[in-house]
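One structure is given here, and the rest of the page talks about it.
The values are calculated or read from the model by the stated rules, or taken from the named source; none is laboratory data. The structure displayed is predicted, hence computed values, not measured ones. Using ideal geometry, Cβ is built from the backbone for each residue, glycine included, and neighbour counts are taken over all protein chains shown. Just the protein is used for accessible areas: all its heavy atoms, side chains included, with ligands, DNA and RNA removed. Shrake-Rupley method; radii C 1.70, N 1.55, O 1.52, S 1.80 Å.
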Amino acid sequence: MRRADTIAKLRRARARMTGSVGLVPTMGYLHAGHLALVARARAENVHVAASIFVNPAQFGPTEDYAHYPRDLPRDLRLLRGAGVDLLFTPAAADLYPPGFTTWVNVEGLDSQLEGKSRPGHFRGVATVVLKLFNLVQPTRAYFGQKDGQQVAVLKRMAQDLDCPVKLVLVPTVREADGLALSSRNVFLTPPQRAGAAVLYRALQEARRLYAAGERSGERLRQAMRAVVQEEPLGALDYASVADLATLQEQETVRGPVMASLAVRFGKTRLIDNILLGA
Ligand code: PAF
């Protein structure tokens, strides 16, 4: 595995690659969910490139940028073992040099759900992902379905800005009790970790009701809220049943929707989603 820690080195390594390139953008502190993205990229491309960059632009001023978990030596071992050919690990000053002032706003999609609690978050995500697309010029780019709104935002951006890349969505990887793998799970205390399975239970309740014929968006949202309220350590931020592409809340579910929720356990905020009717 070749490692490029500057844009110049990345461009040189990329220029030597011929054939398809799969890109797996990450913020590091890798888990089995990231490795599933790499495995899919490995299966579908001649070359696999990954990036590790804790992107300051997608963290709000009171969020956990400084404390976001990092373990580069372990990440390097995992990516080498998973067959990554090129790893990009830029410094923030390389991607956001002095004078940087161009941002990607995916209007409308960036202000709902996560966007309400995390203003500016998707501007940071879309901007850094577009930069990675421009630098790596991948054939395909791989993202986890766990970050469902991120997927909707990036699909819209790629379509609107004619990015010559195919976005590939990979199913969420879960613990035995259903908790979606996330780098932030490390912050949960043991009682919070046990309680965190409530997100999946709430989503499963929505799935059960949908399968039984329930099509009222509000009743599906209410069912998820009721499950979360049974967990004393969790504080619900939102429960949503929204259109997959527009992220508009649905009164009546007619096409495929994303049922999603965000729940706080102390200072740790967890998100999860499932697709219904997709
Ligand atoms: O999903 C993530 O880890 C990040 O949002 C991403 C896509 C790597 C952009 O920083």
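Results, tabulated for the structure shown:
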| read-out | value |
| --- | --- |
| For the stretch 27-80, accessible area per residue (1.4 Å probe, heavy atoms of protein chains only), Å² | 47 Å² |
| Extended-chain gain in nm, criterion 0.36 nm per residue less alpha-carbon gap, H31 and R80 | 16.2 nm |
| Inter-probe distance in nm under a simple model that places probes 7 Å from Cα toward Cβ, at T189 and R264 | 1.6 nm |
| Within the accessible area of the chain (1.4 Å probe), percent carbon and sulfur | 53 percent |
| Label-to-label distance, nm, for residues given as Q229 and M17 (7 Å Cα→Cβ offset) | 5.0 nm |
| Distance cut-off 18 Å, percentage of C-alpha pairs in the stretch 80-153 lying past it | 50 percent |
| Cα→Cβ-extended label distance, 7 Å offset, between K9 and Q222, nm | 5.8 nm |
| Surface/4 of the Cα convex hull for the stretch 132-278, nm² | 9.5 nm² |
| Lys/Arg +1, Asp/Glu -1 at C-beta; the chain dipole; positive extreme among Y200, A176, S216 | A176 |
| Under-5 Å amide H pairs with D5, H placed in peptide plane, nonlocal only | T89 |
| Only Lys, Arg (+1) and Asp, Glu (-1) charged, at Cβ; the stretch 153-217 dipole about Cα centre in debye | 60 debye |
| With at most 11 neighbouring Cβ atoms within 10 Å, loop GluC sites (Glu not before Pro) (DSSP) excluded, longest segment of the chain | 108-229 |
| The chain - charge dipole about Cα centre, Lys and Arg +1 at Cβ, Asp and Glu -1, debye rounded to 20 | 900 debye |
| Between 0 and 90°, nearest 10: helix 217-229 axis offset from the chain longest Cα axis | 90 degrees |
